[in-house]
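The next block holds one structure in the form of structure tokens; read it before the comments.
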């Protein structure tokens, strides 16, 4: 809940002034509103209602209390009143019982008064100046102005006092509502009678709605917090029933498990052992588990009794013929011993075969132990044979895995050897000639036998990483540098670093000369060759281009310098020159084709169509296309000239080289 009236502005708190002032507008006040959409008191039945039903019932019984203002007074034309009438109306409204609601009207009165007072001042000033007085000597403050200022001061003082009291009241309300929320939070989970808890909650809820408003800045957050904990409380109301249902469900599931275990005891050969387990299950049923839902009680107990009767019946039959039962048990044990002996004699030869044999041998051992008593005379003999067969089986298994471990070690050493060989090839100077050898190593790896999975994964990770690096080098043209090449590379790196710290001229001609000198200096450095040389030349070219872009000059001059630099770069890079030449030539052909198509389109128009918008549009497109053709044609000629110069220089270098060879032969 919140109150929509606002506090007075800073200017409204001022004392009355000795000079005329115009009042600032203040916000309208609105009467205090009661909360809307707040739940009224309702009664709930904890056994039948859910939190959703409770919320629905509250929603249906919501109450809304709207405070309506008194009927507004008939509209009054204050602008037609005299100054004395305005002061009288201002005083009457500001001192009436409904002064707070009249704030907007009072503001309007103040504005009209200031306008009339200003007109009166101007009229008196004009008369004063017309009478020969100096403007600096003019002063006019009539008694009605002092009277109006005093009434305004009293009104503002009353508003300040009102809002001060309101603020104090809101603080008290805030603390009370916070305390109510804390008390509701304390009710959630309280170990008391649920009806007592609910009555306390209803009292707190009523107290909340009877508490007055709080400040606007706190109102929304406080209301959301209250709603949140009310929802939590309604959830808690139904928790007892839910916990009871959960307990019933738990007991039902556990008793089902006990019944299933009792039914499974029917398959246990040793009736004495089964009887002992059944007694344990009865103890669990009686002492450890609580009740289940009424509709399941008889059904579960009958099923448990039926399973128990089967075991008890077997126990009674066993008691009648103990000797015969022992003899049968002995026969069963001897059959199991024969099968165990066969597993020992028929040795497995592979890991999988041994695992299957081990699984079966353990099953036979468990079956042997589950069989009931045998005659005392035969008991020691059968147990001794059982233990001997177990030791013999484990001995053979250990021998097999000991030998297999040796084979595993050999396989591990073989894989480590291939890893070492792969590393040597990767680090060798002529690594790029060993492609076939690396492929052979991969094939040999696949032919190596079993290695324990965890170690095999580790070895494979190392092996595959080496081969990935190797074949990535093959694909990307990686270059393994010699010591001499590394020295050249460091020298070129130092040259590039020096360029970055050098300051260049802002004069275009001087800058072009500096760039040409840098290019010549770069070409005098020894060559590394291979992909490394290509990458470093690319980095050098980018550095020169960056220099031109960073020098401050007009766009046209900068373009000319970049063209000159581009000519130098292309002149020394035949591959890049040919690539750009091909791209420009393709662009030129495309533009000419486009121009021809547009010219053909123009022929469809008659001679009288020159003013047609479509005709003008096609004509404009032709002119634009022609401009592009001219620009690309010019670029093509420039590149062609560089290409011809390059070819000419290449022929001269070839002729000079042939001449030198002839001289050497002579």
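On full extension of the chain, what length is gained from residue 246 through residue 299, given 0.36 nm per residue of separation minus the C-alpha to C-alpha distance?
Working: separation 53, 0.36 × 53 = 19.08 nm, distance 1.93 nm.
Answer, rounded to one decimal: 17.2 nm.
Calculate log10 I(q)/I(0) of the stretch 331-420 for q = 0.21, 0.22, 0.25 Å⁻¹, where I(q) comes from the Debye formula with a single equal point scatterer on each Cα and nothing for solvent.
So the normalised log intensities work out to -0.98, -1.04, -1.22.
Work out the FRET efficiency for residue 499 and residue 524 from their Cβ-Cβ distance, taking R0 = 25 Å, and round it to the nearest 0.05. Walk me through the intermediate numbers first.
Working: r = 15 Å, r/R0 = 0.59.
Step by step, r from the Cβ atoms, then E = 0.95.
With the crude spin-label approximation of a point 7 Å out along Cα→Cβ, what separation in nm comes out for residue 473 versus residue 342?
Computed distance between label sites residue 473 and residue 342 equals 6.1 nm.
Multiply the residue separation of residue 168 and residue 360 by 0.36 nm, subtract the distance between their alpha-carbon atoms, and state the gained length in nm to one decimal.
60.4 nm
For a footprinting-style exposure proxy, rank 268, 172 by other Cβ within 10 Å, fewest first.
Sorted ascending by nearby Cβ count, the order is 172, 268.
Taking the alpha-carbon set of the stretch 245-392, what are its Rg and Dmax in Å?
Taking only Cα atoms of the stretch 245-392, I get Rg and Dmax of 20.4, 61 Å.
Run the numbers for residue 456 and residue 638: contour at 0.36 nm per residue of separation, minus the present Cα-Cα distance, in nm.
Result for the pair: 59.2 nm of gain on full extension.
What nm value, rounded to one decimal, do you get for the distance between residue 256 and residue 136 when each label is placed 7 Å out toward the C-beta?
Between residue 256 and residue 136, the label points sit 10.7 nm apart.
So for 86, 256, fewest C-beta neighbours within 10 Å to most, what's the order?
The order, fewest Cβ neighbours first, is 256, 86.
So if I take the alpha carbon set of the stretch 151-251, get Rg, then get Rh from the Kirkwood formula, what is the Rg over Rh ratio?
Radius of gyration over Kirkwood radius for the stretch 151-251 works out to 1.25.
Fewest to most neighbouring Cβ within 10 Å: what's the order for 386, 368?
386, 368
Label residue 116 and residue 560 with points 7 Å out from Cα along Cα→Cβ: what is the distance between them in nm?
Going from the residue 116 label point to the residue 560 one covers 8.0 nm.
Rule-based calculations on the coordinates, nothing more; no lab input. Source: prediction; values computed, not measured. Neighbour counts run over all protein chains shown; Cβ positions are idealised from the backbone, glycine included.
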